[in-house]
Structure formats: structure tokens, C-alpha cells
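Input: a single structure, listed below in C-alpha cells.
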Amino acid sequence: MNLIEMNSICKSYRNIGFETRVLEDVTLHIEEGDYVGIVGPSGAGKSTLMAIMGCLAQPTSGEYILDGEPIGKLNDRKLSRVRNEKIGFVFQAFHLLPGVTALENVILPLVYARGSQGNVKERARELLAKVGLEHRLHHTPGQLSGGEQQRVTIARSLINNPRIILADEPTGNLDSKNGIETMKTFDNLVKEGKTIVLITHDQEVARHAGRIISILDGQIASDREVSHEEQTRSV
Amino acid sequence: MRIFKNLGQALRGLRLNRGNTFLMTLGVMIGIASLTVIVAIGDGIKIKVLNRIANMGFGPESFSVIAGAGRMFFARSKNTTSMTLEDAEDLLALPTVRLVVPRQRKRMQIINKKEFTSTRVYGVTPDWQLARGWQMTDGDFLSDSDLDRRKRVVVLGATPARKLFKGKDSIGKMVRLQNNYYQVIGLLEEKGLTESGYDPDDRALIPLTTSMSRLTHETYLHSIKVVSLDSSQVPETMEAVRQILRRNHNLSVLAADDFRFITPEGIMQWVTESEQALNRMLILISTVSLLVGGIVIMNILLVSIRERVREIGIRRCFGARRSDITFQFLFESILVSLLGGLMGVGLGLAISFGLKRFDVLPTHITVEPFILSFVFCSLIGLIFGIHPARKAAFLSPEESIRSQ
């Protein structure tokens, strides 16, 4: 079953009467448990594609169905719930709340979750331990290294147990060692059954995925499976 | 409850943005502080004035009739010569009247050798002291024999006594009014300045007969003080007084009174009216200063939101609804306003205590400013928070997450 189904998605931005077309007629389907890398040069429309996929923006035309639910018809309340429950974001710039401890940052999605969440601190602590940060619970982003911050964002993306992880250039701000660590974490998440969509301009990083979609000038240029030997070569 | 979580996030937001939070509280704090101080001063003055009125012996059973029409304190009409000693005698004949004090008044120089001062000289009868309940610090008050014999004796208030004798014994000494010497026979107890600047001690009392025949050379009275037997009889006594005076003065049915009444209620009413005028001014000033405070909050919150676009984007990414963002910033605005109000009340109380402690102005602390500031601040936070909060909520999540 397709978890993500995009049919003829177009997105254009209007700027002082000027219309810029960013995505043109993008159609792609992603199944549950897939590990998809989206590559392309900057300005190709990768981030816009991810914004639509993450329900942060609505397409200008076309149809987006996430987990069987047509997104275009949802109001702000329901869109927020989809973001909260089905999607975990990991950003290049980490996007942690400044001045707030790692633990509290990880808990953030649960602030906006429905119903009572039980012992949220315990869950956050477990996730931070899973990414190797059990000794950094009460540090603020400013007191953490880039790699540590990225691990906090991964823990945050997982706290509400979403089906999809959307990662936008997760290694972009990291040195190679931390980059490799992050990619290993993603590999493990795929093994646990998460669907991961990874956006990058780095072919090396993309090779971790089972499938690479190249975007060029707002259109899908190629969509191919990655052979097993290609994957092992990258590691 | 989701709304409590929003409140929690608002508290965290305020703590993390301490600088902005402090700046936002300033406007409201100053507004509420001035409100607190002005309310305290207003109440303090009112209490002190009421004490003074009681202190002046203007008991509830007495009132004054002043010659000449017009309003209570102001707008003296042209010199009215119609009120006479016969009027006073007729009034004393009324069954409900206990005392009548006819009075002449003139401001003039009073001289002791090289010292001189201008004071109000009253021609009065010995009943003046009974009607006023005013004690002597030294000597005796005017007697019936002083009145009968038109003696040139004077009882001094504390102010002229101090100016003429500089604290030295004055009993038995001679002071000069116009070209006649008067012997000082008594000193009145000091009452002190009123808040309006009126000095009740600035007076000299001589027998009414002496005043008429030797000083003013006039036979008409300036006023008559009437003390009824009981305060409940004041209205009917006033009406009876009115009838007698109108008859004595030959006023036609259509003519207006050529005299006016001063009653304790009248003074109270005047105080209340002044207080209401003060309150109106106060409300105006506070409204303006609190509006300014609200605008300060709104502007800083708008700037703060611009600084925190990324935070808003992050929250939206992880499931915050527009309503969550709205409530978070609305709570921040209300909390900041309440905090400013609390600080303002504190500052206002401190200033009020200081004013009282160092005798600058009388102040009286009531619970009013607390309630007022709580209500005002909540409203201001709400009203001036809505615009920034809505603005924050309607930022596009996609654009705000990308902003640098």
C-alpha cells in the first residue's frame, strides 16, 4: 500500500505579480517501509517537495494522499494533527528551540499531541538514551555540538512514533564522522519499519536509500532502485 | 488540557525572552504605578479633609447663612447689606435653634510695634466658641461684658500670634487695628493648614459690637452661624430661617434669596464633587498611560514575533495548530501585562508609603488599585495581544521554518 501518493503536484509562488513555478507535474508513490533519497541541485525544488510532503504547504494543483487521506481537503486543525502524529521532521539546521533543554525539545511534539500522554519525560529520556545522549538531557542546544543537536532532533522526530521521517539535508551541517553516525541511525530506523524520505544533494548520502529520485527544475528527472552492492559500497 | 500547555509554553517563552519581557512590562508598570499613587493620594486627601471638617466644629447640627446670593464658596455677589442683627435675634427665637452666631468679617492689617501681618478680623459674639467648640491655648475668650461694653479686646489665631509675637507671651499686650489699640486677651488652639491651602488659624476675633461701632462702621452682617438642637432638625430649621430672612429682607415672591447656606452636607457634596472631578482626570490619565503601555506591549511583541519566526515554524512542524500559537502569544501578552501591573502596584505602593512617610502628601492605601490593575491589565494584554498573536498564528509554516 502506498503511504505517500502524489499525483500531478504543481507548486508555484507568486511574488509581486511574478509567478515562479517550483514544482511541475510531480507524480510519485512511496510505500510503507521505503527508504527514499531525493537528490538534486539547489533550487531544483527538493525542499518545496518536502514541505508539501510534510503538510507544511499545500500544492497549487494536484493531489496528495497521505496514508489514504487526501491532504488538500484538510483544515488547519487536521493538518496540524497529521504533522503531529504521522510525520517526524529532521532538519539540516536542527531547528531546536533555543534556550530549552534537550529533554524539553524532544517532548515538544507531545505538547501538541491529542489526549494524555502519560510519562512523557520517561519516553523522551529513553529516546535520548537510544541516540546516545543520556548524559546530555538538561543541556540546551547552545551547549551541544552539531552532532549532538542532530541526535536530539532525531529523538524529537521519533517521540510521537510517526510512520514517516522527513529529513532535509540531515548531514549538511555535520562533519563526516557525525554524518556517518546519523546515516546509521536512519538505516536502523528503516529496519524498525519506519518510512524515511531523505533530501540531500550529496550522492554518497543518497546511496544509503533503497531508491533515489532525482529532481531537476521542478520535475522528476529519474527514479531508480539502488542495487545492493551500490549500498554496501557507500558504507 | 491543551490550553494549559499553551500557557506553559507562554511562560517558557517569557522566561527565555527576559529582555523583551522586561521592556514590555515597563509601560504598563508606569501606568499602573501612577494609577495606584493617584488613587492613594485622592483617598488620603479625602480622609484628611473629612477629618478637618469634623475638627473645625462644623458639626452635623449646624449650618451658616452667608449674606449675598451665589454658590457656596465662590462667586461672591456684590456687597449685600440686608442681613442684620435683628435677623440674628429672630433666628434665635426659632424653637429648634440652640445657638446663633452673627458675624462680620474684614481682612486688614494687624500690627504689633514693628511687626505686622494681614489677617481676617471677625466681629463675633461669645457663642462663637460654643458653636465652634474651639479650645483656647492661653487666656480667655470674648465675654458678654466685652460685647456689651464694646471693649477693644482681641483673641488671636495661631498664625497672627506667631507672626506678631514670635512665640513670646502675647496675653495682655496691645495690637493695633487701623488706628485703635486692642488688648490681646486669648489665643486660639492651632488647627493647621487644610489641603486646599486654607489656613483656619489666620484670624483675629473681636466683639461684634466693637467691630460694628469702631472698626467697620457698618451695621450689617457678613454671616450668621445657626446651631440647631439636633442634626435631624437642620432641614426644617433651614426652611424656617429662609422664611424669616425673606420676610425681614422684604423679598417679593419672585425674587431670589439674597443669602445662601453652607451646610456640612454641602461641604461634603463639594468634596465629593471635587473628588469626582479628580477621578475623571485620573481615569483619563490612566487610560492614556495604559493605552501607551498596551501599545508598547503590542509593538515589542510584534518585534519579538519577528525574532521568533523560526520557533513558530518549529512548533507548527510538530503539530501546533494556529489556535495553539494564538493562545501562546495571547497568554504571553496577558501575563506580561499582569506582571507589569503587579510591579506597578508594588512601585505605586512604595511611592505612596514614601509620600506619607516623608509628609509630602497624605495617602491612603485601599484594595482598589489591586482589583483595578488586575482587570485593566488583563484587558490590555488581551486587546493588544490579539493582533500580534494572530499575526504569529497565520505565518506560513513552510516559510517560517526556512527563515534565518
Which order do B:Ile325, B:Ile300 fall in if you start with the one that has the fewest other Cβ atoms within 10 Å?
-> B:Ile300, B:Ile325
Projected label distance in nm at A:Arg224 and B:Ala93, using a 7 Å step from Cα toward the beta-carbon = 13.2 nm
Excluding residues fewer than 8 places away in the same chain, name every one of the aspartates and glutamates whose C-alpha is closer than 20 Å to that of A:Lys73.
-> A:Glu5, A:Asp25, A:Glu63, A:Glu85, B:Glu398
Could you name the lysines in cross-link range of A:Lys78, using Cα to Cα under 27 Å and dropping any fewer than eight places away on the same chain?
-> A:Lys11, A:Lys46, A:Lys86, A:Lys121, A:Lys194, B:Lys5, B:Lys391
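Of all beta bridges DSSP finds with both residues in the stretch B:142-248, what is the antiparallel percent, to the nearest 5?
Working: 6 of 10 bridges.
Bridges in the stretch B:142-248 are about 60 percent antiparallel.
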Helix runs (DSSP H) in chain B reaching 20 Å along axis by Cα, Kyte-Doolittle at least 0.0 = B:18-55, B:264-307, B:322-357, B:368-393
Backbone HN-Hα couplings from phi across the stretch A:28-43 [Karplus 6.51/-1.76/1.60, Hz, Gly and Pro as x] | 8, 10, 10, 8, 4, x, 5, 10, 10, x, 10, 10, x, x, 5, x
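Suppose R0 equals 56 Å; then what is the FRET efficiency for A:Thr20 and B:Ile371 from their Cβ-Cβ distance, rounded to the nearest 0.05? Working shown, then result.
Working: r = 56 Å, r/R0 = 1.01.
Using R0 = 56 Å, I get an efficiency of 0.50.
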Residues B:Lys166, A:Lys121 in order from fewest to most other beta-carbon atoms within 10 Å are B:Lys166, A:Lys121
Given backbone amide H placed at 1.01 Å from N, residues whose amide H is under 5 Å from that of B:Gly68, ignoring those fewer than 5 places away on the same chain, are B:Phe259, B:Arg260
Count charges around A:His201 for me, please; just the other residues with Cβ under 15 Å from its Cβ, Lys/Arg as +1, Asp/Glu as -1.
-> -3
Of the DSSP beta bridges with both residues in chain A, give the percent that are antiparallel, rounding to the nearest 5.
-> 55 percent
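Arranged by the count of other C-beta atoms within 10 angstrom, fewest first, what order do A:Leu127, A:Leu137 take? Intermediate results must be reported in sequence, preceding the final value.
On the way: A:Leu127 21, A:Leu137 17.
By the 10 Å Cβ count, ascending: A:Leu137, A:Leu127.
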When the helices in the protein assembly as shown are scored as -39500 (n - 2.57) per DSSP H run of 4 or longer and the sum is shared across all residues, what 222 nm value do you end up with, to the nearest 500 deg cm²/dmol?
-> -15000 deg cm²/dmol
Using just the alpha carbons, could you tell me how many Å³ per residue the convex hull of the stretch B:206-332 encloses?
-> 276 Å³
Debye calc, one equal point scatterer per Cα of the stretch B:81-257, no solvent, log10 I(q)/I(0) at q = 0.10 1/Å comes to -0.42
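With r defined as the distance between the Cβ atoms of B:Ile111 and B:Glu273 and R0 fixed at 51 Å, what FRET efficiency is calculated, to the nearest 0.05? Mind dumping the intermediate values first?
Numbers: r = 40 Å, r/R0 = 0.78.
The computed FRET efficiency comes out at 0.80.
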Mind giving me the FRET efficiency for B:Ile386 and B:Leu130? R0 is 56 Å, r the Cβ-Cβ distance, nearest 0.05 is fine.
-> 0.25
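Subtracting the Cα-Cα distance from 0.36 nm times the residue separation, let me have the gained length for B:Glu399 to B:Glu86 in nm, one decimal. Could the numbers behind the result be given before it?
Values: separation 313, 0.36 × 313 = 112.68 nm, distance 9.45 nm.
Here the segment from B:Glu399 to B:Glu86 would lengthen by 103.2 nm.
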What does the charge count near B:Val234 come to, summing +1 for each Lys or Arg and -1 for each Asp or Glu among other residues with Cβ under 13 Å from its Cβ?
-> -2
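Laboratory data are not the source of any read-out in this text; all were calculated from the coordinates shown. A quick note: this is a predicted structure, and the numbers were derived from the prediction, not measured. So basically every Cβ, Gly included, is an ideal-geometry build from the backbone, and we count neighbours across all protein chains shown.
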